[in-house]
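Have a look at the structure below before the remarks.
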Amino acid sequence: MLNANCIDPWAFVAEKQTAVWQFSLARLDARVADGGVLSNPQNVIQAAFTGGKNAQNQPFIDVHLSAVLQMTCQRCLKTMDFTLNNTVRTLIFADENAANRADELYDDVDVLVVGKEISVVEWIEDQLLTALPYAPMHDNCQMVSLPDDNSTNPFSVLKNIK
Ligand SMILES: [Zn+2]
């Protein structure tokens, strides 16, 4: 029996299945939960897995991640919303040699060697960490913070010393 959060990738592809999972960030592992830039562990991420075969008859799994995540702006350290909308197609292989050949053959594809089952949670974690901006920032931090108060401006202190 498969774990509820695992899929058999080969059956999934052969039957062109689609499945959707939802997890709060708190249920993902420490790399995600303690990532620092993700500030709300209650945020929910939705992942849609679709199996199929491409024009070359090569099995693939498409994973679409969507979420609105609260992240910490790396400039002003206030919270910002980041809309995640990320789809990755991964070609799956049963043996490493075939996977390596495909990796060399096609420039822009993800390849993965898989066994009889894959963990949905680990897949989501890996894709999420790749999709997140390294240093998320507001377009304009001033729009979300209060205007500077002169009393806390270091230059106004200098002016008083003079
Ligand atoms: Zn900011």
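One residue stands out in region 13-55 among those that are in contact with a helix residue (DSSP H, G or I) (Cβ under 9 Å, 6 or more places away or on another chain), of a type in the set (A, V, I, L, M) and part of a strand (DSSP E or B): the one that is nearest to M71 (Cα to Cα), namely L38. All of T72, T87, T79 fail the test of being hydroxyl-bearing (S, T, Y), at pLDDT 95 or above and either over 17 Å from the mean Cα position of the chain (by Cα) or at negative phi (or both), apart from T87. Only a single criterion out of (1) more than 16 Å from the ligand (Cβ to nearest atom); (2) over 14 Å from the mean Cα position of the chain (by Cα) is not satisfied by D29, namely (2). Candidates in region 90-121 are the residues that are at pLDDT below 90 and in contact with a strand residue (DSSP E or B) (Cβ under 7 Å, 6 or more places away or on another chain); of these, the one that is nearest to the ligand (Cβ to nearest atom) is V109. Taking (1) part of a strand (DSSP E or B); (2) surrounded by fewer than 16 Cβ atoms within 10 Å (Cβ to Cβ); (3) within 16 Å of the ligand (Cβ to nearest atom) in turn, N85 satisfies each apart from (3).
In region 114-143, the residues that are assigned to a loop (DSSP other than H, G, I, E, B) reach residues that are more than 16 Å from the ligand (Cβ to nearest atom) with C-beta atoms within less than 7 angstrom, at least six apart or across chains, in these pairs: V114/P9; V114/I92; K116/D8; E117/L2; E117/C6; E117/I7; E117/D8. Based on what the data block shows, is D108 acidic (D, E) and in contact (Cβ under 8 Å) with a residue 60 or more places away in the chain? Taking the combined requirement at face value, the residue does not satisfy it. Just one of the listed residues (D148, D139) is at pLDDT 90 or above, surrounded by fewer than 13 Cβ atoms within 10 Å (Cβ to Cβ) and within 16 Å of the ligand (Cβ to nearest atom), and it is D139.
The values are calculated or read from the model by the stated rules, or taken from the named source; none is laboratory data. What you see is a predicted model, and the numbers here were worked out from it, not measured in a lab. Counting neighbours? That spans all protein chains shown, and the Cβs are built from the backbone with ideal geometry, glycine included.
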